[in-house]
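Novice: Pasting a structure below so you can have a look.
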């Protein structure tokens, strides 16, 4: 069983968050999101971050700051491949793409979902101030690979 806990501590002027367990927690910031239409969906500038084991975040003055676990490291690869994946809305496809972006130097990914000639295109990219860190840790007797990130943007447009 894949168990993940997000512990939240409320202080006078802020919230502290900490992740424990085998999975992760997605944080979506839509304060800069532009919505052109809902049907078909057309959204741009959705900023997404992903926290895993031992990561913490502080929510203060309507902004998040992330502190990733000190046992994780940043990728030193500088390659810039573009990932292309089909069947975007299958959880494993999206998760694998985000993990690839997190563990390599790739700056963007293009995902397409098309059925009966209609669908959507998801563009995932890294902001100039984005951070990606990864590492391995033994949890409950099993080794897990983790990758955490902040500042990935997602835009959804009709195909």
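Novice: Given the criteria over 17 Å from the mean Cα position of the chain (by Cα) and modelled with pLDDT of 85 or more, does residue 42 qualify?
Specialist: Details: over 17 Å from the mean Cα position of the chain (by Cα): yes; modelled with pLDDT of 85 or more: no.
Judged against the criteria, residue 42 is not a match.
Novice: Here's a follow-up. Taking the options 83, 88, 131, name whichever one is part of a strand (DSSP E or B), over 20 Å from residue 3 (Cα atoms) and modelled with pLDDT under 85.
Specialist: Values: 88 fails: part of a strand (DSSP E or B); 131 fails: modelled with pLDDT under 85.
So the residue among 83, 88, 131 that is part of a strand (DSSP E or B), over 20 Å from residue 3 (Cα atoms) and modelled with pLDDT under 85 is 83.
Novice: Within segment 36-47, track down each residue that is surrounded by 13 or more Cβ atoms within 10 Å (Cβ to Cβ) and assigned to a strand (DSSP E or B).
Specialist: Scanning segment 36-47 gives 42, 43, 44, 45, 46, 47.
Novice: Here is a further query. Step by step: first the residues of segment 122-139, then only those that are more than 16 Å from the chain's Cα centre (by Cα) and in contact (Cβ under 8 Å) with a residue 40 or more places away in the chain, then the one that is nearest to residue 64 (Cα to Cα). Which residue is that? Write out each step before concluding.
Specialist: From segment 122-139, those more than 16 Å from the chain's Cα centre (by Cα) are 136-139; that's our starting set.
Narrowing the set further to residues that are in contact (Cβ under 8 Å) with a residue 40 or more places away in the chain leaves 137, 139.
Values: 137: 25, 139: 27 Å.
Going through the qualifying residues, I end up with 137.
Novice: Please pick out the residue among 26, 31, 4 that is touching a residue at least 12 places away in the same chain (Cβ under 8 Å), surrounded by fewer than 17 Cβ atoms within 10 Å (Cβ to Cβ) and over 30 Å from residue 141 (Cα atoms). Quick ask: steps written out before the conclusion?
Specialist: On the way: 26 fails: over 30 Å from residue 141 (Cα atoms); 4 fails: over 30 Å from residue 141 (Cα atoms).
One residue alone meets the criteria, 31.
Novice: State which residue pairs qualify: first residue buried (at least 18 other Cβ atoms within 10 Å of the Cβ) and inside segment 48-63, second residue part of a loop (DSSP other than H, G, I, E, B) in any location, beta carbons under 6 Å apart, and separation of 6 or more residues or different chains.
Specialist: That search, which allows pairs on different chains as well, returns 54/69; 55/68; 55/69.
Novice: What's the number of the condition residue 77 fails, among (1) in a loop (DSSP other than H, G, I, E, B); (2) under 25 Å from residue 141 (Cα atoms); (3) at pLDDT below 90?
Specialist: Every listed condition holds for residue 77 apart from (2).
Novice: Going by the structure shown, is residue 17 over 19 Å from residue 126 (Cβ atoms), modelled with pLDDT of 80 or more and buried (at least 18 other Cβ atoms within 10 Å of the Cβ)? Quick ask: steps written out before the conclusion?
Specialist: Numbers: over 19 Å from residue 126 (Cβ atoms): yes; modelled with pLDDT of 80 or more: yes; buried (at least 18 other Cβ atoms within 10 Å of the Cβ): yes.
In short, yes.
The values are calculated or read from the model by the stated rules, or taken from the named source; none is laboratory data. Just so it is clear, the model here is predicted, and its values are computed rather than measured. Heads up, the Cβs are rebuilt from the backbone with ideal geometry, glycines too, and the neighbour counts pull from every protein chain shown.
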